[in-house]
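Q: Structure below; questions to follow.
Derivation of every value follows stated rules applied to the coordinates shown; laboratory data play no part. Owing to the predicted nature of the structure, the values given are computational and were not obtained by experimental measurement. We place every Cβ from the backbone using ideal geometry, glycine too, and count neighbours over all the protein chains shown.
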Amino acid sequence: MKRIFKCLFAVVMSVICITSCNDKSAYEPPYANVERLSRITGVELPEYTVISDSLVWRNWMGDSESIMIIEFKEQPAEAFYASLDSMVVSDSQYWSTINNGASWWFHRSWGNGYPAPEGEDPKYDDYIEVEIPREGKTVKVTYGMW
């Protein structure tokens, strides 16, 4: 009887694991929505397509980091880049330039006493970084929980 229970338990757990790990059809990265990412960054981003989204690491406490690569559907107009420059010059605490001005960088953390962006749940300890190059259409979005 004990042996049957162990075998049945192993089969059930295997089925649960296989179905939960392989069903990515309903998964959408949390920042795949252009309106949400624009609201958080404070900049109206051009339409984009998600190229990839992958988990980089996760620890036993639930902290994690993922990287999403997006590509603008069209090369942004100069007005878009001017809006990024104005965010940096306006003394924004979230926007800066990196790589000797070759890219714009947005970083924001919330939770643990830091205020959440409008529309985001303050009970979660999240962060997001967005790196937009001056040339090209490919953007790196790093996000996670801390």
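Q: Val56 to Asp121: extension gain in nm, 0.36 nm per residue of separation minus the Cα-Cα distance? All intermediate terms of the calculation are to be shown ahead of the outcome.
A: Details: separation 65, 0.36 × 65 = 23.40 nm, distance 2.31 nm.
That pair, Val56 and Asp121, stretches by 21.1 nm at full extension.
Q: Would you mind getting me the FRET efficiency between Arg36 and Arg3? Use the beta-carbon distance for r and R0 = 35 Å, nearest 0.05.
A: 0.10
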